[in-house]
Amino acid sequence: MTEFDLNEARINYIPPIRILNKSDEDKLTMTSIYFEAMRKKEWKEMQEKFERYKISHPIFVKNKKIFKQVRDGELISYNKFIHVFDSIYVKYESNYFKTDYMKSSLLAYVDKISKNYITYIRIHPYFVTQNKPPRSLQEQLIQPLKFDWIKQLTLYKNEKTGGYYSIQDIRLESRHHTEEEKLNYWEFSVYKLRSLDVSAERTNEGNLRMMIEELTECTEVGYYRTKMIHLDTDNIVGTSYEEAILNHIDLAINMYDEDAYKIRKQERLKNGIVQDATMRIHLVRLEKVPFRMLFDLAELFFDSKILMRDWFADLKLPLMDKF
């Protein structure tokens, strides 16, 4: 065992091991083995979330029709599913399936718009059950934004723009602090949210593309997890948001190892190519939807209210009363 393993075993209390009639050295060894097994289990579970779909995956064993709806090995056409109210699960015939990294409110929104737009979704390749899953207990339902503003797509060929918004590290050192200070503290220190990186550019061919990534210090099995939205449209300069149509919009999870994340957090999307994610999985894909739907999806997908508010303020959207 390494010194790290011994120290980890010493400071962690595992009741079933502690009460055994064994020597302290044996208990340390057993505790260390336990934590190593847990790390391997968590790593395997994360890898399963990112696997490309195969016909042999459990979700397809009794639902082979669904496999015909797979897109690019990682998404499935949503038209066969029904959202299970107030949950992160969907239903097909008598089976229930699970989504990952999605809030129930976002899944409810995707379910609603899927009736009118081409929609793809990511479901866990190994989770399928005939038992009705539980409802969400902790998530607060977020209502989609409503607004009536008209803005034009005033980016010209080969022109770029972007923004970068961050949450400041503040300390609540007194009993008297504002609601804003408390929100800031919770987002930075508890939820480990850090920044929102936004870029938009119109190519020489006239295609307008956007990328928005919410960077966090949240880790999963040693990888830093971020959320990304990517979209594009061929609508020309002067097209209002009310009329503009997206070719597609994707919601994805990026995972960075420590070295990759150190590089990524120093870079800005608007400056060009940035560090590639170590792993990426798409959660939702919508095609031929209104441009303005971006803001509904962003509020439902991203976690920080502060970053959303600051970004919307820069765009001069009349949405500040939502925050």
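Every residue in region 90-110 that is open to solvent by 30 Å² or more (accessible area, probe 1.4 Å) and in contact (Cβ under 8 Å) with a residue 12 or more places away in the chain, please. Across region 90-110, the qualifying residues are Glu93, Ser94, Lys98, Tyr101, Lys103, Ala108.
Pairing residues of region 179-206 that are within 30 Å of Thr233 (Cα to Cα) with residues that are among the hydroxyl-bearing types (Ser, Thr, Tyr) and part of a loop (DSSP other than H, G, I, E, B), at Cβ distances under 8 Å and at least 6 apart in sequence or on separate chains, gives Leu193/Ser304; Leu196/Ser304; Arg202/Tyr156. Yes or no: Asp276 more than 19 Å from the chain's Cα centre (by Cα), free of Cβ contacts under 8 Å to residues at least 60 places away in the same chain and open to solvent by 50 Å² or more (accessible area, probe 1.4 Å)? Spelling it out, it is not the case that Asp276 is more than 19 Å from the chain's Cα centre (by Cα), free of Cβ contacts under 8 Å to residues at least 60 places away in the same chain and open to solvent by 50 Å² or more (accessible area, probe 1.4 Å).
Conditions (1) at pLDDT 90 or above; (2) in a loop (DSSP other than H, G, I, E, B), marked per residue:
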{"site": "Glu36", "(1), (2)": "no, no"}
{"site": "Lys49", "(1), (2)": "yes, no"}
{"site": "Ile59", "(1), (2)": "yes, no"}
{"site": "Ile66", "(1), (2)": "yes, no"}
{"site": "Asp86", "(1), (2)": "no, yes"}
{"site": "Leu107", "(1), (2)": "yes, no"}
{"site": "Asp111", "(1), (2)": "yes, no"}
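Within region 58-68, being open to solvent by less than 40 Å² (accessible area, probe 1.4 Å) and over 24 Å from the mean Cα position of the chain (by Cα) holds for Phe60, Asn63.
For the condition open to solvent by 50 Å² or more (accessible area, probe 1.4 Å) and either at positive phi or assigned to a helix (DSSP H, G or I) (or both), Ile55 does not qualify. Could you look through region 76-89, keep only residues that are aromatic (Phe, Trp, Tyr) and open to solvent by less than 40 Å² (accessible area, probe 1.4 Å), and pick out the one that is nearest to Leu300 (Cα to Cα)? Result: Tyr89. The set of residues from region 86-111 being touching a Leu at 6+ places or on another chain (Cβ under 8 Å) and basic (Lys, Arg) comprises just one member, Lys103. Of all residues in region 221-250, those that are under 20 Å from Leu75 (Cβ atoms) and acidic (Asp, Glu) have Cβ atoms under 6 Å from Cβ atoms of residues that are at pLDDT 90 or above and open to solvent by less than 50 Å² (accessible area, probe 1.4 Å), 6 or more apart or on another chain, in Asp232/Asn207; Asp232/Asn247; Asp250/His282; Asp250/Arg285. Among residues of region 113-133 being of a type in the set (Ser, Thr, Tyr) and part of a strand (DSSP E or B), the one that is modelled with the lowest pLDDT is Thr129. Among all positions in region 302-318, there is no residue which is open to solvent by less than 50 Å² (accessible area, probe 1.4 Å), within 15 Å of the chain's Cα centre (by Cα) and farther than 19 Å from Gly162 by Cα.
The values are calculated or read from the model by the stated rules, or taken from the named source; none is laboratory data. Remember, it's a predicted structure, so these values are computed and weren't measured experimentally. A quick note on method: Cβ atoms are made from the backbone with ideal geometry, for glycine too, and the neighbour counts reach across all protein chains shown. Please note that ligands, DNA and RNA were not included when accessible areas were found on the heavy atoms of the full protein model with its side chains. Shrake-Rupley method; radii C 1.70, N 1.55, O 1.52, S 1.80 Å.
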